[in-house]
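Input: a single structure, listed below in structure tokens.
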Amino acid sequence: MIRLYTRASPHRSLLIHLFLGAVLLLSACDLQPTPPHPVPGALRWRVQMTDTQRATPVFVANGLVYLAGADHAVYALDAATGAQHWRTGLGAAGAFVSAVANGAVYVMALDQTPTLAYAIYALDATTGAQRWHVQQRQSPSVDATVANGLMAGPG
């Protein structure tokens, strides 16, 4: 007699299901979780700064965000994480980042010493170290243009 249909015993069926479940579980464990993709327009990071200025210019270059705070300092923050890369205090009454070019951050400021005077600072974009500082009688523009190694701004 030939059987065309065979039925597995309940014990054997349970073993097959357990085996298949174990294979699926082990294969799922080998998968590496993928980080979520950023959603365009979604908040990636936020940094709370004390006494921040309103409407301060912000520049992004070389993976860093450059801005001035009302605490009389200029900041470089990591563009991906918001972590502080450097902070440079200028001792100025107010400051605005005006341009970032040629490895320098150009800052327009109002110096407090020895008397109130308008000033332009050039800071190293990587370290925040002061490259040079010039005081002038006229108010410099917050908008500066840097080209061919020269910096110019109306004012």
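The values are calculated or read from the model by the stated rules, or taken from the named source; none is laboratory data. Fair warning: this is a prediction, and the values are worked out from it, not measured in the lab. Note that we place each Cβ from the backbone using ideal geometry, even for glycine, and neighbour counts take in every protein chain shown. Accessible surface areas use protein heavy atoms only, side chains included; no ligands, DNA or RNA. Shrake-Rupley method; radii C 1.70, N 1.55, O 1.52, S 1.80 Å.
Which one of these does Thr126 not meet: (1) among the hydroxyl-bearing types (Ser, Thr, Tyr); (2) in a strand (DSSP E or B); (3) surrounded by fewer than 22 Cβ atoms within 10 Å (Cβ to Cβ)?
(2)
Which one of these does Leu77 not meet: (1) outside any strand (DSSP E or B); (2) buried (at least 18 other Cβ atoms within 10 Å of the Cβ)?
Exception for Leu77: condition (1).
Could you list, ordered by first residue, the pairs with Cβ atoms under 8 Å in which the first is in the range 83-112 and of a type in the set (Lys, Arg) and the second is modelled with pLDDT of 85 or more, at least 6 apart or interchain?
Arg87/Ala73; Arg87/Val74; Arg87/Tyr75; Arg87/Ala76; Arg87/Gly128
Could you list all residues from the range 129-155 that are modelled with pLDDT under 85, under 21 Å from Ala93 (Cβ atoms) and open to solvent by 30 Å² or more (accessible area, probe 1.4 Å)? Write out each step before concluding.
First, the residues of the range 129-155 that are modelled with pLDDT under 85: 135-155.
Going one step further and asking which of them are under 21 Å from Ala93 (Cβ atoms), we end up with 135-144, 153, 155.
Gln135, Gln136, Arg137, Gln138, Ser139, Val142, Asp143, Gly153, Gly155 - these are the residues of the range 129-155 that are modelled with pLDDT under 85, under 21 Å from Ala93 (Cβ atoms) and open to solvent by 30 Å² or more (accessible area, probe 1.4 Å).
Taking the residues in the range 82-111 that are surrounded by 24 or more Cβ atoms within 10 Å (Cβ to Cβ) and among the hydroxyl-bearing types (Ser, Thr, Tyr) as candidates, determine which candidate is farthest from Val58 (Cα to Cα).
Applying the filter and picking the extreme gives Tyr106.
Considering only the range 104-123, state which residues are outside any strand (DSSP E or B) and touching a strand residue (DSSP E or B) at 6+ places or on another chain (Cβ under 7 Å).
As a first pass, look at the range 104-123 and keep what is outside any strand (DSSP E or B): 112-116.
Of everything in the range 104-123, those that are outside any strand (DSSP E or B) and touching a strand residue (DSSP E or B) at 6+ places or on another chain (Cβ under 7 Å) turn out to be Gln112, Leu116.
Would you confirm whether or not the range 43-53 contains a residue that is over 21 Å from Val134 (Cα atoms) and either surrounded by 19 or more Cβ atoms within 10 Å (Cβ to Cβ) or acidic (Asp, Glu) (or both)?
yes
Just wondering, is there one or more residues in the range 92-101 that are under 30 Å from His37 (Cβ atoms) and either among the charged types (D, E, K, R) or within 18 Å of the chain's Cα centre (by Cα) (or both)?
Filtering the range 92-101 for residues under 30 Å from His37 (Cβ atoms) gives 100.
From the residues that got through so far, the ones that are either among the charged types (D, E, K, R) or within 18 Å of the chain's Cα centre (by Cα) (or both) too are 100.
The answer is yes; a qualifying residue exists.
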